[in-house]
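The values are calculated or read from the model by the stated rules, or taken from the named source; none is laboratory data. Here the structure is a predicted model, which is why all the values come from computation and not from measurement. Cβ coordinates were reconstructed from backbone atoms using ideal geometry, including for glycine residues, and neighbour counts include every protein chain displayed. The area values use the complete protein model at the heavy-atom level, side chains included, leaving out ligands, DNA and RNA. Shrake-Rupley method; radii C 1.70, N 1.55, O 1.52, S 1.80 Å.
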Amino acid sequence: MEKSYKKILITIKEYIVIALGLLLYTSGWVIFLIPNNLVGGGVSGISALLLYSFGIPISISFFVINLVLLAIALKVLGKGFGIKTVYAIVVASLFFEIIPKIILPEFIQEVGVANGKLLASLIGGVCSGAGIAITFTQGGSTGGTDIIALMINKYRSISPGKIILSIDIVIIAMSFFIPMEDNSLGHRLATVMYGYVLTFVVGYSIDLVLSGTKQSMQIFVFSKEYDKIADAVMKQVGRGVTVIDGEGWYTKTNGKILLVIVRKTEVNMFYKIVKEIDSNAFMSVGSVMGVYGQGFDQMKK
């Protein structure tokens, strides 16, 4: 009963953190990017183009496009991920609809527009990237290219920030050919360049918050429930587990030690598993310089 109660609290906390990340993400767009007619990558960038060109509300286009992408990704990322991402898409769409009505236009003008497009690109990019990364840490996604990034990251050791950056470069380049209010060559080129600055900042912010997705952690777990933890880690995290025989020198009793190596982005999920099974488990966690082999990096000549 107590474990079920704790599990519910942990789940509620995850969804609250995802909502906070989405609030930061959408605020970056609503306050800094959209008022300056800036174009980023991903579904948000496409939605912004649709808004500037055809007046389609970003909340509607963001919701519809993401649902289509999500339907494709459900089988790859699992139902658990899908539920959180559906939640994230709905919440983000609501924020895109609600925030512009709450924040005073004078505030947006003074903070987001008056300081120029370059500063807006930088601040908006940091807010957007940090919001995406916070959502990632709880197993969710803001949708769009984030879903694609996590699908690729599941099978390849490529940071989500770099994947998103590559996809977004192509999307932003396409903005050059989209009709906008000012169709002059200078305005088109400036829009594309600001978009690239924005996308670089977003990608860098994601990796910075996640502290480098290629960084790996080596974890030793001392627990009487070692078998349950090992099974859960293999099923839920998808990482191998090594069981080592050990002896406590003080107690003179034999025990089992689990050795697991995971990506840094998987550590939170690992903590959650151990805490649910044995909250009294003893763990030693350390960073490793490099991990080579199946599921990690490949050795190069």
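Could you identify which residue out of Lys162, Lys264, Lys101 has the top mean-square fluctuation in a GNM of the chain using Cα springs shorter than 10 Å?
The residue with the greatest mean-square fluctuation here is Lys101.
Rank Leu189, Leu24, Leu70 by mean-square fluctuation in a GNM of the chain with C-alpha springs under 10 angstrom and give only the top-ranked residue.
Leu189
Scattering from the C-alpha atoms of the range 18-98 alone, worked out with Debye: what is log10 I(q)/I(0) at q = 0.11, 0.21, 0.24, 0.27 1/Å?
Listed by q, the Debye log ratios stand at -0.28, -0.95, -1.16, -1.34.
Determine the share of the chain's accessible area contributed by carbon and sulfur atoms, expressed in whole percent, with a 1.4 angstrom probe.
Answer for the chain is 66 percent, counting heavy atoms of protein chains only.
Evaluate the charge dipole of the chain about its Cα centre and quote only its size in Debye, nearest 20, assuming +1 on the Cβ of each Lys and Arg and -1 on the Cβ of each Asp and Glu.
880
If we sort 245-252, 42-49, 5-12 on the protection proxy, mean other Cβ atoms within 10 Å, highest first, what's the order?
Going by the mean number of other Cβ atoms within 10 Å, highest first, we get 42-49, 5-12, 245-252.
Compute a Gaussian network model of the chain, connecting alpha carbons closer than 10 Å, and tell me which residue from Met193, Met217, Met234 fluctuates the most.
Met234
Tell me which of Gly116, Ser223, Val126 sits at the most positive position along the dipole axis of the chain, charges placed on C-beta atoms (Lys, Arg +1; Asp, Glu -1).
Ser223
When the chain is fully extended, how far beyond the present Cα-Cα distance does His187 get from Leu67, taking 0.36 nm per residue of separation?
40.0 nm
Using a basic spin-label model with each label point 7 Å from the Cα along Cα→Cβ, how many nm lie between Met234 and Lys101?
5.2
Using only Cα atoms, find the angle between the long axis of helix 2-27 and the longest principal axis of the chain, and express it within 0 to 90 degrees, rounded to the nearest 10.
30
What order do you get for 27-39, 196-208 when each peptide is scored by the mean count of other beta carbon atoms within 10 Å, highest first?
27-39, 196-208
Taking only C-alpha pairs under 8 Å that are 6+ residues apart, what is the relative contact order of the chain in percent?
21
Please compute the length gained on full extension between Val285 and Phe177, using 0.36 nm multiplied by the number of residues separating them and subtracting their Cα-Cα distance.
Length gained, Val285 through Phe177: 33.9 nm.
Seen from all sides and averaged, what is the projected area of the convex hull of the Cα atoms in the chain, in nm²? Don't skip to the end; give the middle numbers.
Details: hull surface 77.2 nm².
Here the figure is 19.3 nm², rounded to one decimal.
Using a 1.4 angstrom probe, figure out how much accessible area the chain has per residue, in square angstrom, rounded to the nearest whole.
Spelled out: the 1.4 Å probe surface of the chain, per residue, equals 54 Å².
Along the Cα-to-C-beta direction of Asn268, a point sits 7 Å from the Cα; which residues of the range 1-41 have their amide N less than 17 Å from that point?
Flagged as within label range: 7-26.
Based on the alpha carbons, how large is the Rg to Rh ratio for the range 1-140 when Rh follows Kirkwood? Before the final figure, lay out the partial values.
Numbers: Rg = 16.2 Å, Rh = 15.9 Å.
Value, to two decimals: 1.02.
If you take the beta carbon distance between Ile10 and Ser166 as r and set R0 to 51 Å, what does 1/(1 + (r/R0)^6) give as a FRET efficiency, to the nearest 0.05?
Approximately 0.90, to the nearest 0.05.
Picking from Thr265, Asn66, Thr142, whose Cα lies most toward the positive end of the charge dipole for the chain (charges on Cβ: Lys, Arg +1; Asp, Glu -1)?
Highest projection toward the positive end goes to Thr265.
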